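A.B. asks: One structure, as structure tokens, below. Some questions next.
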Amino acid sequence: TTGLSQALSTITQPLTMKILPCIFCVVLSKFSLGFSTSTATPVKVVVTGASGKTGRLVVEALFDQARKQNNDEDDGVTFEPIALVRSEKSAKALRKLVPGIGLDQIVICDIANDLKPSSEDGADDETNKSVSSALQDCQAMVICTSAMPVINKLSLVKAFLKIPINLIRGKKAFDFRSLRFDWKQNQYPELVDYQGQKAQIDLAISMGMKQVVIVGSMGGTDPSNFLNMIGKRQNKKDGTMSGNGDILLWKRKAEVYLTEQAAAGKIEAYTIIHPGGLKDEEGGQNQYVLDVDDALMQDKENRSIARADVANLCVAALRVNAGEQGPIRVALDAVTKSVPEGEMAPSAEDALQTFLQENKVYDYSL
């Protein structure tokens, strides 16, 4: 089970995109509630997909870390989040959920469609300038964008109509496997998870940012993973599959692009995090299990992780990279498991430091 598979279990309400589409890019205003009490200049970090659950938690985690530093509970580097969201509606919702965020810490932008190099057709130089101005002095980017599936309504209706028949036959009343999932128009994996993420990486490079953190998904080594089937349809004549699917493959392609840019010296550091199934639970209750190349998929019992723990791992990557061990370039898979009785759960930073000492390397040739 991966982070996206958690979304597939919800049938009572449509799933919405948690990416950055909007028609224009604008900074909301010039008022800040920032980090005025810190003696050190905070490091600005842009969080894309900040209106999504995981992205919002990353923003909150960055604020929480700054609060601890201001209260002398932490002597590490201080961060100031800049949130990129898809619309004004998303911006307003984010401000309600994260009251401490200032208006000048929110940017509305369509990265996938509007942020194109000047040499490309449809490039909007004014939009590019607006974004560059809004993200000036940002030193790192955390990418939390992802295409999200929506239920095919016809398949949902058919599943409900089959409930009486299934009960008569002694089967489960509701057959979840009969549901089909699609992507919203113009919000499919190739556009969002490859072209969109590539545009974000290019933006980070063009602005001289030193580090990029990507929140991806486990399962990328397996082309036959069921998540790659979302959005595809089978040809009844020859059995071939077609359509806008392969979400894990497009994510992987964007990750490879990031590693190539780093190898070329265009980005100093990166951390690519592949979480297991995402849970909406409190973080810090379990211990991290970090590995590479989908090895954690073999564990049938521990395949999930709280979104809050993923957010803390993103902050840990920023902190470790800013410390003596940085710059770091690493890709890893992440789940959590119960803490043995009588022990305390290691922090995300400690878990990441331990993993880095193991010198494991993610193999993108698989």
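The values are calculated or read from the model by the stated rules, or taken from the named source; none is laboratory data. Since this is a predicted model, take the numbers as computed values, not measurements. Every residue, glycine as well, gets a Cβ built from its backbone with ideal geometry; the counts of neighbours run over all protein chains shown. Just the protein is used for accessible areas: all its heavy atoms, side chains included, with ligands, DNA and RNA removed. Shrake-Rupley method; radii C 1.70, N 1.55, O 1.52, S 1.80 Å.
A.B. asks: Round to the nearest 0.05 the FRET efficiency obtained for Glu281 and Lys172 when R0 = 22 Å and r is the Cβ-Cβ distance. Don't skip to the answer; put the middle values down first.
C.D. replies: On the way: r = 26 Å, r/R0 = 1.20.
Calculated value: 0.25.
A.B. asks: Using only the Cα atoms of the stretch 227-366, build the gyration tensor, take square roots of its eigenvalues as a ≥ b ≥ c, and label the shape rounded, prolate or oblate: rounded if a/c is under 1.5, else prolate if a/b is larger than b/c, else oblate. Intermediate results must be reported in sequence, preceding the final value.
C.D. replies: Details: a/c = 2.48, a/b = 1.36, b/c = 1.82.
In terms of gyration-tensor shape, oblate.
A.B. asks: Also, I was wondering about something else. Provide the packing ranking of 136-146, 261-271, 315-325, 94-104, i.e. peptides ordered by the mean count of other C-beta atoms within 10 Å per residue, highest first. Before the final figure, lay out the partial values.
C.D. replies: Values: 136-146: 23.3, 261-271: 17.3, 315-325: 20.0, 94-104: 15.5.
Going from most to least packed, we get 136-146, 315-325, 261-271, 94-104.
A.B. asks: I would also like to ask the following. Of the heavy-atom accessible surface of the stretch 269-366 (probe 1.4 angstrom), what whole percent is carbon and sulfur? It would help to have the intermediate numbers written out before the result.
C.D. replies: Working: 1950 of 4650 Å².
Using a 1.4 Å probe with all protein chains present, the stretch 269-366 comes out at 42 percent carbon and sulfur.
A.B. asks: Then there's this: At a 1.4 Å probe radius, carbon and sulfur cover how many percent of the accessible area of the stretch 157-265? Intermediate values should be presented prior to the final figure.
C.D. replies: Working: 3080 of 5840 Å².
Here carbon and sulfur together make up 53 percent of the probe-accessible area.
A.B. asks: Provide the packing ranking of 194-200, 283-289, 293-299, i.e. peptides ordered by the mean count of other C-beta atoms within 10 Å per residue, highest first. Display every interim value, and only then the final one.
C.D. replies: On the way: 194-200: 23.3, 283-289: 18.4, 293-299: 15.7.
Listed from highest to lowest mean packing, they are 194-200, 283-289, 293-299.
A.B. asks: State in Å² the accessible area per residue of the stretch 214-269; use a 1.4 Å probe, count heavy atoms of protein chains only, and round to the nearest integer. Provide the component values of the computation, followed by the final result.
C.D. replies: Working: 2670 Å² over 56 residues.
For the stretch 214-269, the per-residue accessible area is 48 Å².
A.B. asks: So which lysines pass the test for Lys129, namely a Cα distance under 16 Å, with those fewer than 8 places away in the same chain ruled out?
C.D. replies: Answer for Lys129, where 16 Å is the Cα cut-off: Lys116, listed by chain and number.
A.B. asks: Of Lys53/Lys232; Lys89/Lys251; Lys53/Lys89; Lys198/Lys253; Lys89/Lys184; Lys253/Lys300, which pairs sit farther than 20 Å apart, going by alpha carbon to alpha carbon?
C.D. replies: As for pairs spanning more than 20 Å Cα to Cα, those are Lys53/Lys232; Lys89/Lys251; Lys253/Lys300.
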